[in-house]
Amino acid sequence: MKKTTFTRLALLPAAISIALLAACSPQQNEHPQQTAAATVASTQTESEKANALFEQIFMDNIRRNPVQLTRLGIKDDYDKWQDLSDEHFEAGLALTRQHLTMLQAIDTEQLDDNSRVSYLLMQQELQQTLDDAKWRLYSYPVNQMFGTHSQVPSLLINQHTISDESDAKAYIARLNAVPTLFNQLQQQLENRAAAGIIAPKFVFPLVISASENVIKGAPFDDGEDSTLLADFTKKVNQLTLNDQAKKLLLDEAKVALLTSVKPAYTSLIRYLQGLEQQAGTDDGVWRFKDGAAFYNNALQRTTTTNLTAEQIHQTGLDEVARIHGEMRAIMAKTGFDGDLKAFFNFMQTDEQFYYPDTAEGKAAYLEQATAVIDDMRSRLDQLFLLKPKAEMIVKAVEPFREKSAGKAFYQQPSMDGSRPGIYYANLYRMSDMPKYELEALAYHEGIPGHHMQLAIAQELEDMPKFRRFGGYTAYIEGWGLYTELLPKEIGLYQDPYSDFGRLAMELWRACRLVVDTGIHAKKWSREEAIQYLLDNTPNPPTAVEKAIERYIVMPSQATAYKIGMIKIIELREKAKTALGDKFDIRVFHDVVLKNGAVPLDVLEQLVDEYIVATQA
């Protein structure tokens, strides 16, 4: 099915669209309209040619993945899932090589400044895609944090909107396509197992439980409607169709759930139960063939630096010591009598710091998080010139995935802004969501954190789409962590316990540098890493265990936050020192945000250029 909300060419200026058609179909230049297109192409500047190519590359890649199209709000291939086959992967590499050849035909000497940055980023992205192909199997396609098994319900519920009958038919088609998707998934798991790459044993009960949850409830059994049926029913009932048409759709969906979704999940669960018998208890990627080289490469990609595992580990230790010192100062301010470890225990166990684990308690958490974000939204003029147009909301993580999902995360708006940005708070266990961290968590995931950065990036009209919708984890998560500190600098965190919560979250990210490198480079066991967090943070054992399990299945990802934050603060202080009275925090933030996500070395170059321009 192809339900086109807008086509590739509709995304481009008219002249560039014509030139792109000419570039894609040179053999047709004999025709009059193609001669006209060639004339347009010949009058383009090199920057216009480059930007047309950037758009082509972005859309070529996006159109290879129907899931990504849906996430962007594009309803092409709305009835399909991504292709997980080896053939599709190899075709992607061939396309990347073709793209790189096309890019190399651009004369970089004639590019304007913005296009030159885009060129360098695109060149790096394409080359790294080719270089990293050898690590393709070094991942866990199914794990407790994310994976194809949870992507199916998550995408359908959160991003597959139903505006008319054809959207509903596409939803049903996707339900019926789950067996093919899971067959490909199983093949990829087998390929990894043959290479000795199997998720640690602790992963399997969590993944199996999450998969079983998808096929609970009607029509699978006599309970309430299953998560998927409830979602489909709600969406269809909002359509302006007659009752008979709605019933037909609902009946089709039930058949698809019973004959496609249930067998697919049942088969996957059975396969995972067998694979679990082969899984071991060693956790770090050092155990893989060439595991050290893979991890070093992962660190470089994640942090966009050349920092070694040892350097990152030591940075973490230094930051932990500094933050502990600041925490002791807050502890003294509160009048607490005892050492830092005792204060941690007090913060973990005192009921005043937690909402009750009830529907009312969860509702109160969401209400307060929304209030914190709304208050910060009213203060943005003090800190920013550029602000997002897209709305954002706060939601609880859905029941089907709350047990295995992370503590909090952000989902960016659709490309056209019709779907808001969402800050998801995981309220499965309220003891994992203390009140004293609520403020910092809301700033990080919402405003001025991820919503400011990601929504603004995709709204940048003068940027090619690969920059608007691309990402560098160190930049994105570094910004998120930086924006936990930023509100303190304008007088927020008045409650010392809330300020302690801010530090507790920064401490958490500093400890990540220690435990991530500990697990994957220094051969720490899961238990050693858990104990380090228990000894050095105020977080409860359940949260600590879940965190370490996250770092195990996502090697290097957790190092991005602190490395990125450190660089942003370093660059801000550099600009303050150089500019003195000319420094304006709003302009600095503009420099950071108006270019979208970039590697940290590119961010430094942009800040240096801003300093020189302001001094002049």
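The values are calculated or read from the model by the stated rules, or taken from the named source; none is laboratory data. Values in this document were obtained by computation on a predicted structure and should not be read as measured data. When we count neighbours, we look across all protein chains shown, and the Cβ atoms used for this are built from the backbone with ideal geometry, even at glycine.
Contact map, the stretch 475-497: first residue farther than 20 Å from residue 511 by Cα, second residue surrounded by fewer than 24 Cβ atoms within 10 Å (Cβ to Cβ) and among the basic types (Lys, Arg), Cβ cut-off under 6 Å, separation 6 or more or different chains; pairs are 496/333.
Taking each residue of the stretch 265-277 that is surrounded by 14 or more Cβ atoms within 10 Å (Cβ to Cβ) and of a type in the set (Val, Ile, Thr) and looking for partners that are at pLDDT 95 or above and part of a helix (DSSP H, G or I) with beta-carbon atoms closer than 6 Å, six or more apart or interchain, yields 269/208; 269/211. Within the stretch 206-221, being surrounded by fewer than 21 Cβ atoms within 10 Å (Cβ to Cβ) and within 17 Å of residue 186 (Cα to Cα) holds for 208, 212.
Within the stretch 54-105, the residues that satisfy the criterion of being in contact with an Asp or Glu (Cβ under 7 Å, 6 or more places away or on another chain) and of a type in the set (A, V, I, L, M) are 69, 95.
Closer than 24 Å to residue 558 by Cβ, at pLDDT 95 or above and either surrounded by fewer than 20 Cβ atoms within 10 Å (Cβ to Cβ) or among the aliphatic types (A, V, I, L, M) (or both), is that true of residue 485? Criteria met by residue 485. Remark: pairs (first residue in the stretch 113-125, farther than 20 Å from residue 473 by Cβ; second residue surrounded by fewer than 16 Cβ atoms within 10 Å (Cβ to Cβ); Cβ separation under 6 Å; 6+ apart in sequence or on different chains) = 119/108. Residues considered: 601, 608, 581. Of these, the only one that is in contact (Cβ under 8 Å) with a residue 60 or more places away in the chain and assigned to a helix (DSSP H, G or I) is 601. Summed over the stretch 352-369, the residues that are surrounded by fewer than 17 Cβ atoms within 10 Å (Cβ to Cβ) and closer than 19 Å to residue 502 by Cα give a count of 2. Residues in the stretch 510-531 that are within 23 Å of residue 430 (Cα to Cα) and in contact with a Gly (Cβ under 9 Å, 6 or more places away or on another chain): 511, 512.
Residues that are over 18 Å from the mean Cα position of the chain (by Cα) and either in a helix (DSSP H, G or I) or within 27 Å of residue 140 (Cα to Cα) (or both) within the stretch 62-85 comprise 63, 64, 77, 78, 79, 80, 81, 83, 84, 85, listed in sequence order. The set of residues in the stretch 520-532 that are under 26 Å from residue 297 (Cβ atoms), out of contact with any Ser or Thr (no Cβ under 8 Å at 6 or more places or on another chain) and in a helix (DSSP H, G or I) comprises 528, 529, 532. Within the stretch 241-252, identify whether any single residue is farther than 28 Å from residue 309 by Cβ and among the small types (Gly, Ala, Ser), and answer yes or no. For the stretch 241-252, residues farther than 28 Å from residue 309 by Cβ and among the small types (Gly, Ala, Ser): present.
Only one of the listed residues (548, 552, 566) is over 28 Å from residue 147 (Cβ atoms) and within 21 Å of the chain's Cα centre (by Cα). That residue is 566. Of the listed requirements (1) of a type outside the set (Val, Ile, Thr); (2) assigned to a helix (DSSP H, G or I); (3) free of Cβ contacts under 8 Å to residues at least 60 places away in the same chain, residue 216 misses just one: (2).
Can you find a residue in the stretch 308-315 that is free of Cβ contacts under 8 Å to residues at least 24 places away in the same chain, outside any loop (DSSP other than H, G, I, E, B), under 30 Å from residue 497 (Cα atoms) and under 28 Å from the mean Cα position of the chain (by Cα)? Steps first, please.
Filtering the stretch 308-315 down to residues free of Cβ contacts under 8 Å to residues at least 24 places away in the same chain leaves 308, 311, 314.
Retained after the next criterion (residues that are outside any loop (DSSP other than H, G, I, E, B)): 311, 314.
So of that shortlist, the ones also under 30 Å from residue 497 (Cα atoms) come out as 314.
Retained after the next criterion (residues that are under 28 Å from the mean Cα position of the chain (by Cα)): 314.
Yes, the stretch 308-315 has at least one match.
Within the stretch 47-61, is there a residue that is hydrophobic (A, V, I, L, M, F, W, C), surrounded by 13 or more Cβ atoms within 10 Å (Cβ to Cβ), closer than 30 Å to residue 177 by Cβ and modelled with pLDDT under 95? Steps first, please.
Taking the stretch 47-61 first, the residues hydrophobic (A, V, I, L, M, F, W, C) are 50, 52-54, 57-59.
Checking which are surrounded by 13 or more Cβ atoms within 10 Å (Cβ to Cβ) leaves us with 50, 52-54, 57-59.
Okay, now just the ones that are also closer than 30 Å to residue 177 by Cβ, so 57-59.
Among the residues that remain, those that are also modelled with pLDDT under 95 are: 58-59.
Checked against the condition, which is being hydrophobic (A, V, I, L, M, F, W, C), surrounded by 13 or more Cβ atoms within 10 Å (Cβ to Cβ), closer than 30 Å to residue 177 by Cβ and modelled with pLDDT under 95, the stretch 47-61 yields at least one hit.
Can you give me the ranges of the helices (runs of 4 or more DSSP H) entirely in the stretch 381-469 with at least 3 residues that are at negative phi, within 19 Å of the chain's Cα centre (by Cα) and buried (at least 16 other Cβ atoms within 10 Å of the Cβ)? Please lay out each step first, then the result.
Numbers: elements: 399-402, 435-445, 465-468.
Because the criterion is at least 3 residues that are at negative phi, within 19 Å of the chain's Cα centre (by Cα) and buried (at least 16 other Cβ atoms within 10 Å of the Cβ), the helices (runs of 4 or more DSSP H) in the stretch 381-469 that meet it are 435-445, 465-468.
When the stretch 380-438 is filtered for residues that are among the hydrophobic types (A, V, I, L, M, F, W, C) and over 29 Å from residue 349 (Cβ atoms), the ones remaining, listed by number, are 380, 383, 384, 385, 386, 390, 392, 393, 400, 415, 422.
Restricting attention to the stretch 145-177, the residues that are aromatic (Phe, Trp, Tyr) and touching a Lys or Arg at 6+ places or on another chain (Cβ under 8 Å) total 1. In the stretch 385-433, of all residues being among the hydrophobic types (A, V, I, L, M, F, W, C) and modelled with pLDDT under 90, the one that is nearest to residue 230 (Cα to Cα) corresponds to 400. Pairs meeting the criteria (first residue in the stretch 175-196 and not assigned by TED's automatic domain parsing to the domain that holds residue 81, second residue among the hydroxyl-bearing types (Ser, Thr, Tyr) and assigned to a helix (DSSP H, G or I), beta carbons under 7 Å, at least 6 apart or on different chains) are 175/260; 176/260; 178/260; 179/260; 181/148; 182/267; 185/148; 186/271. Checking each residue in the stretch 142-196 for being over 21 Å from residue 399 (Cα atoms), of a type outside the set (A, V, I, L, M, F, W, C) and outside any helix (DSSP H, G or I) picks out 163, 164, 196.
Assessment of the stretch 339-347 against the conditions (buried (at least 16 other Cβ atoms within 10 Å of the Cβ) and under 30 Å from residue 603 (Cβ atoms)) yields no matching residue. Checking the structure you have, find out if any residue of the stretch 559-569 is assigned to a helix (DSSP H, G or I), of a type in the set (Lys, Arg) and over 22 Å from residue 472 (Cα atoms). There is no residue in the stretch 559-569 that is assigned to a helix (DSSP H, G or I), of a type in the set (Lys, Arg) and over 22 Å from residue 472 (Cα atoms). Does the stretch 278-306 hold any residues that are assigned to a loop (DSSP other than H, G, I, E, B) and either touching a strand residue (DSSP E or B) at 6+ places or on another chain (Cβ under 8 Å) or crowded, with 17+ Cβ neighbours inside 10 Å (or both), and which are they? Passing the criteria: 283, 284, 288, 304, 305.
Listed here are the residues, each with its yes/no results for (1) in contact with an Asp or Glu (Cβ under 7 Å, 6 or more places away or on another chain); (2) within 24 Å of residue 509 (Cβ to Cβ); (3) not basic (Lys, Arg).
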site: 302; (1), (2), (3): no, yes, yes
site: 309; (1), (2), (3): no, yes, yes
site: 321; (1), (2), (3): no, yes, yes
site: 354; (1), (2), (3): no, yes, yes
site: 359; (1), (2), (3): no, no, yes
site: 378; (1), (2), (3): no, no, yes
site: 386; (1), (2), (3): yes, no, yes
site: 391; (1), (2), (3): no, no, yes
site: 394; (1), (2), (3): no, yes, yes
